[in-house]
Amino acid sequence: MKLLNNHYPENLKVRIIEQLNSVPFNTLFAQNVVNKKINGEIFVDNIDLPQTFYILHPYGMSLLSGKNNNEFNSSLIEYILNHDGKRKKVEWMQAYPESWHTTLKKIEQDNNKPIPAIEIDVRVNFKFNRVKYLETKQKNIDKNITIVRTGKDDFENIEGIVIPKYFWNNADDFVKNGIGYSLYYQDSLAAIAFSSVIDNKYLELGIETLEQFRNKKLAYEVCATLIDYCLAMGLEPVWACRKTNTASYKLAEKLGFEESLTTPYYKLNY
């Protein structure tokens, strides 16, 4: 695995994007890294003519894609098992094509036992159903709720796991190039829905509700506001989550999203 420096040529970027476009599931987070909209890392098998790619988003999502080859696979195994201790946080990895799943399974077989470094979940990709959303949309009648466009203060002050600062380089970058809505409950910041990725066609939603404000249907309200923005701007809302994240899964269904594809999701521990 060879790390590309951040000044790789345009023709190489085009090559990687072409590879990502051949993947049948959502790769928007990886495209953001390749397009240098977020400061991630790209590892390849060959600097000059890469055929294998490992793209790491700073949030902790990664994509393994391209051709299997022994030299790259050897480095990949070392990385997954984290023998050098460089990985300091959990990472969630997707892989394509399916031959990679055989390779990853072989790691455990070669060690004659399950590897604690790897846990397997399922990632769910959803497709937005506009008609369903509009037909089932709930009207907000809670007078305690105020929803405003997310600015720098909320970007910097919101706490949680899925928050804008993990998907944007800084507050200025987010305010200039992204979009989000902050929900205040009785004048306290309670939830935020934001673009984790946005381009001229798609907007992938991120959502976080502070623990003390959960179970009040606030996530629905703030996400619906962002979806309405998507519809007004001609953007397709995108949603994906782990199958085991039942709260996110159920919220997606309430907002008109329908399960379209599931793939193995590898949790790489450290």
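The values are calculated or read from the model by the stated rules, or taken from the named source; none is laboratory data. Only a predicted model underlies this, so the values are computations on that prediction, with no experimental measurement involved. Counting neighbours? That spans all protein chains shown, and the Cβs are built from the backbone with ideal geometry, glycine included. Side chains are part of the model used for accessible areas, which takes the heavy atoms of the whole protein and leaves out ligands, DNA and RNA. Shrake-Rupley method; radii C 1.70, N 1.55, O 1.52, S 1.80 Å.
A few remarks follow.
- Filter result (buried (at least 17 other Cβ atoms within 10 Å of the Cβ) and assigned to a loop (DSSP other than H, G, I, E, B)) within region 2-22: L4, Y8
- S182 being among the polar types (S, T, N, Q) and in contact with a Gly (Cβ under 7 Å, 6 or more places away or on another chain): no
- Residue-level analysis places I147 among those that are within 24 Å of F126 (Cβ to Cβ), open to solvent by 50 Å² or more (accessible area, probe 1.4 Å) and in contact with a helix residue (DSSP H, G or I) (Cβ under 7 Å, 6 or more places away or on another chain).
- Where F25 falls short, out of the listed (1) closer than 20 Å to C241 by Cβ; (2) assigned to a loop (DSSP other than H, G, I, E, B); (3) out of contact with any Leu (no Cβ under 6 Å at 6 or more places or on another chain): (3)
- Some residue of region 133-152 being small (G, A, S) and in a helix (DSSP H, G or I): no
- Test: residue in region 125-144 that is in contact with a helix residue (DSSP H, G or I) (Cβ under 7 Å, 6 or more places away or on another chain), at pLDDT below 90 and open to solvent by less than 70 Å² (accessible area, probe 1.4 Å): yes
- N73 surrounded by fewer than 22 Cβ atoms within 10 Å (Cβ to Cβ), more than 30 Å from V238 (Cα to Cα) and modelled with pLDDT under 95: yes
- Filtered residues of region 1-19 (kept if farther than 25 Å from N170 by Cβ and touching a residue at least 40 places away in the same chain (Cβ under 8 Å)): M1, K2, Q19
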